[in-house]
Amino acid sequence: VHFAHISTESSTRSNHPVLVLKLLLYVKCKVFIMLQYDNQAWNFFALAWISLYLMPSWYIIADKLYKAFIGTKDADIGAIARTSDEKKKAAMLKKNSKGLKTLKQGFWINLTFTILFTLLFIYLSTSIQSGGEMNSFDPFNILEVSPASDLKGIKKAYKKMSLKWHPDKNPNNPSAEAKFMMIAKAYEALTDPEAKENYEKFGNPDGKQSLEVSIGLPSWLLDHDNRNLVLMAYLIIMVGVIPFCVWKYYSNSSKFGEKDVMYDTYSWYHQFLDDTTMIKSLPEAFAGCAEFRERNMPKEASEKSQIQSLLRKLKSQMPKPKYGINIPILIKGNVLMHAHLTRQTEDLSEEYKEDLNFMLANSNSLIDAMISVCQHQEALKTALNCIQFGQHVTQASWVKDSTLMQLPHFTENELKHATKGKTGVETLSEYLKVPKEEMKGLKDMSKEQQADVYKCCDIIPQIQVETKIFVEDDEDDKVYEGDLCVVRVKINRENLQEGEKADLVHAPFFPFPKQEAWWIILGTKEGKIIDIKKVAKPEKEFTHDIKFLAPKTGVYNFDLHVLSNAYIGLDKKLDVELETLDPSALPEYKIHPDDADLDDEPTLFEEMLNAHNVEEDSDSDEDESDDEDSDDEKEEGIKELSAAERKKIELQKKRAAAAGDDSDDDDSSVEEVYAD
């Protein structure tokens, strides 16, 4: 600009206004080209980032659509009817696991954004194809003339374009000024012989360019009319949208703890559960989970009347609430759970059935959270009640019901017949041991129904539990105080053949598939939990190790509980006896002489440190020596030492220095060691 100002003054005095105008346009064009906003560069940049979103997004959308309509097998969603009782459940699983119902809200939001970005991608691609290369100088395109136009047509177009984009006609418009300068430069490139030659050779009327700089943003950002809009959008995104998204994500993620259970639910469990909690009160504890509070809040008066009607019907089977006397959320959740446990869901409205299914869908993780709270409180009895509550939820059976009600087509009539007489059985575990031809309660059933009972008996597991106590890597089975002892629990499913694996749980009243698992608990006679773990291994035979430190010398008896996560009446309880011996009876451990010498050997770090100290000591000895002859004699003495002895000497020097030995007489210490 300074050069243009000087040239203007000199040119004015020389009466060359045309030269001055060309010079000013040249300088201003050069500045504009270096700082212009490049639409094509922006298009490429935007396409690259949009592609990073579109490619995985369309893949995820296609995958979900494929699974929703074609690719999902019945076995993958547990929609297999092994008995006639499971046909209704299988049909419901197919209905809810396939089709548009499986596509959640997040899918539709993602699909909407993906379609919008795809349309934007197509628009940008079209703009690139029609706009040419990034930041390319095309005088014909700038003047809007054909490359075959003659000089007259070019001058006419230049006059028309320059009048349209002249800065005087477009005040306070940087885009118009920039366009005007580009028009002048394009006209020069097509009319000036030298500029035209440069353009044809190098693509630029100014000649060969070493570097071209532009800003990869759209040019409409320069438009004065868009200034307020751009600033407002920037403020909304930076001050509003981004902070809101961060806050929303943090507020949602901070609500959940282990097993994706909300912290408020854990707090509620800690308040509700204790050593005296009975299994009858657990439906109320389950109904108070934070996951259900918003959904179970009655919103209309008709809902309250429906809840009261259900409450009057189920009140005889419900204990007195502990907290939920006047809390609508607890009342509704408690009523829905008792309707499920007593198999009286036919009276529920469709909306309430959906609410109940929502509670049951989260039951596995929430009951596991109950058990983890009991483990934290060391409440063994309550933990056992929580596991049994999970069994009742899976089988839709309550505490007063017989365990035989888990069998298909069993009603009160079949139950009376099965338990009557000398050969009658009271529990499911006893009934499974009866040969099929001797099973009672099947007299009034059809052949198909009898086959369902036989099939169910084959599915329900019959386990044999064995235990063994030992110390790993020990020569005998004796356990001494302080040892890390192992209680190995071996479980064998006797209903399976070799190579077979456990199938899904037979639970026709539980609307979701559930995999068979076993809770293995080791506790004290006083009711304290030593270890508790849910093992979900489908093999016929599997083991689980419980490790803990052996207590003081004596004889201890522990209770080992093995409970199913889904079936009622199959629990096992074993007594485990542990005798710990006095560790003083062990033979004295003697260190091998070679191992004892290793204690005097320096470590690798000490060797490196000593090597550095030896160099420093040798330098200081040479600088501070007053008697060269005595130093030579001492050096000769040191040289006669072996490498191991030198390492030992330097290590002792280092230890003495660390202990506060300020003696500077290094030679005397060397002599003492040498004399030794």
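The values are calculated or read from the model by the stated rules, or taken from the named source; none is laboratory data. All figures in this text were calculated on a predicted structure; none of them were measured in a lab. Neighbour counts are summed over all protein chains in view; Cβ atoms, including those assigned to glycine, are modelled from backbone coordinates with ideal geometry. In case anyone asks, the SASA skips ligands and DNA or RNA and just uses the protein heavy atoms, side chains included. Shrake-Rupley method; radii C 1.70, N 1.55, O 1.52, S 1.80 Å.
If you go through the range 50-63 and pick out every residue that is more than 12 Å from Phe117 (Cβ to Cβ) and open to solvent by 90 Å² or more (accessible area, probe 1.4 Å), you end up with 1. Being over 19 Å from Thr342 (Cβ atoms) and open to solvent by less than 80 Å² (accessible area, probe 1.4 Å) is the filter here, so list the residues in the range 271-292 that pass it. Answer for the range 271-292, where residues must be over 19 Å from Thr342 (Cβ atoms) and open to solvent by less than 80 Å² (accessible area, probe 1.4 Å): Phe272, Leu273, Asp274, Thr277, Gly288, Cys289, Ala290, Glu291, Phe292. No other residue among Gly203, Gly240 is within 53 Å of the chain's Cα centre (by Cα) and either open to solvent by 50 Å² or more (accessible area, probe 1.4 Å) or among the small types (Gly, Ala, Ser) (or both) apart from Gly240.
Given the criteria open to solvent by 10 Å² or more (accessible area, probe 1.4 Å) and within 30 Å of His270 (Cβ to Cβ), does Lys400 qualify?
Working: open to solvent by 10 Å² or more (accessible area, probe 1.4 Å): yes; within 30 Å of His270 (Cβ to Cβ): yes.
When the stated conditions are applied, Lys400 passes them.
Asp223 passes every criterion in (1) over 39 Å from the mean Cα position of the chain (by Cα); (2) loosely packed, with under 11 Cβ neighbours inside 10 Å apart from (2).
Would you check which residues across the range 302-348 are among the small types (Gly, Ala, Ser) and within 39 Å of the chain's Cα centre (by Cα) and list them? Full working, then the answer.
Restricting attention to the range 302-348, the residues satisfying the condition of being among the small types (Gly, Ala, Ser) are 302, 305, 309, 316, 324, 333, 339.
Listed by number, the residues that qualify are Gly324, Gly333, Ala339.
Mind telling me which of the residues Lys540, Lys590, Lys514, Lys528 ends up being open to solvent by 50 Å² or more (accessible area, probe 1.4 Å), charged (D, E, K, R) and at pLDDT 90 or above? The unique qualifying residue is Lys528.
For the range 482-490, does any single residue satisfy the condition of being assigned to a helix (DSSP H, G or I), out of contact with any His (no Cβ under 6 Å at 6 or more places or on another chain) and open to solvent by 30 Å² or more (accessible area, probe 1.4 Å)?
Our first condition is that a residue be assigned to a helix (DSSP H, G or I); within the range 482-490, this holds for none.
So far as the range 482-490 goes, no, none of its residues is assigned to a helix (DSSP H, G or I), out of contact with any His (no Cβ under 6 Å at 6 or more places or on another chain) and open to solvent by 30 Å² or more (accessible area, probe 1.4 Å).
Looking at Lys185, Lys164 in this structure, which one is exposed (fewer than 15 other Cβ atoms within 10 Å of the Cβ), modelled with pLDDT of 80 or more and either of a type in the set (A, V, I, L, M, F, W, C) or farther than 23 Å from Ala46 by Cβ (or both)? Working first, answer last.
Working: Lys185 fails: exposed (fewer than 15 other Cβ atoms within 10 Å of the Cβ).
Exactly one residue qualifies, and that residue is Lys164.
Being of a type in the set (D, E, K, R) and surrounded by fewer than 14 Cβ atoms within 10 Å (Cβ to Cβ) narrows it down to one of Asp368, Asp260, so name that one.
Values: Asp368 fails: surrounded by fewer than 14 Cβ atoms within 10 Å (Cβ to Cβ).
Only one candidate passes the filter, namely Asp260.
Scan the range 80-91 and give yes if some residue there is touching a residue at least 24 places away in the same chain (Cβ under 8 Å) and either farther than 30 Å from Glu516 by Cβ or under 27 Å from the mean Cα position of the chain (by Cα) (or both), otherwise no. No, the range 80-91 has no match at all.
One line per residue, one yes/no per condition, for (1) free of Cβ contacts under 8 Å to residues at least 12 places away in the same chain; (2) open to solvent by less than 50 Å² (accessible area, probe 1.4 Å); (3) farther than 21 Å from Ala517 by Cα; (4) in a helix (DSSP H, G or I):
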residue	(1), (2), (3), (4)
Glu437	yes, no, yes, yes
Gly441	no, yes, yes, no
Met445	no, yes, yes, no
Gln450	yes, yes, yes, yes
Asp458	no, no, no, yes
Thr467	no, no, no, no
Phe470	no, yes, yes, no
Asp477	yes, no, yes, no
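Tally up the residues in the range 69-122 that are open to solvent by 90 Å² or more (accessible area, probe 1.4 Å) and part of a helix (DSSP H, G or I), please. Spell out how you get there, then give the answer.
In the first step, residues of the range 69-122 are kept if they are open to solvent by 90 Å² or more (accessible area, probe 1.4 Å); the result is 69-70, 73, 76, 87-88, 95, 100-101, 104-105, 108, 113, 116, 119, 122.
Checking the rest, the ones that are also part of a helix (DSSP H, G or I) come to 69-70, 76, 87-88, 95, 100-101, 105, 108, 113, 116, 119, 122.
Within the range 69-122, residues that are open to solvent by 90 Å² or more (accessible area, probe 1.4 Å) and part of a helix (DSSP H, G or I) number 14.
Scan the range 598-614 for residues that are surrounded by 10 or more Cβ atoms within 10 Å (Cβ to Cβ), among the acidic types (Asp, Glu) and either modelled with pLDDT under 75 or part of a helix (DSSP H, G or I) (or both) and the total you get is 3. Among the residues of the range 46-83, those that are over 17 Å from Gly106 (Cβ atoms) and of a type in the set (Lys, Arg) comprise Lys73, Arg82.
When the range 315-344 is limited to residues that are among the polar types (S, T, N, Q) and crowded, with 16+ Cβ neighbours inside 10 Å, the one that is farthest from Met262 (Cα to Cα) turns out to be Thr342. Residue count for the range 563-579 satisfying the condition of being surrounded by 20 or more Cβ atoms within 10 Å (Cβ to Cβ) and not in a loop (DSSP other than H, G, I, E, B): 2.
Quick check on this structure: which one of Ile307, Ile325 is outside any helix (DSSP H, G or I), hydrophobic (A, V, I, L, M, F, W, C) and free of Cβ contacts under 8 Å to residues at least 40 places away in the same chain?
Answer to the check: Ile325.
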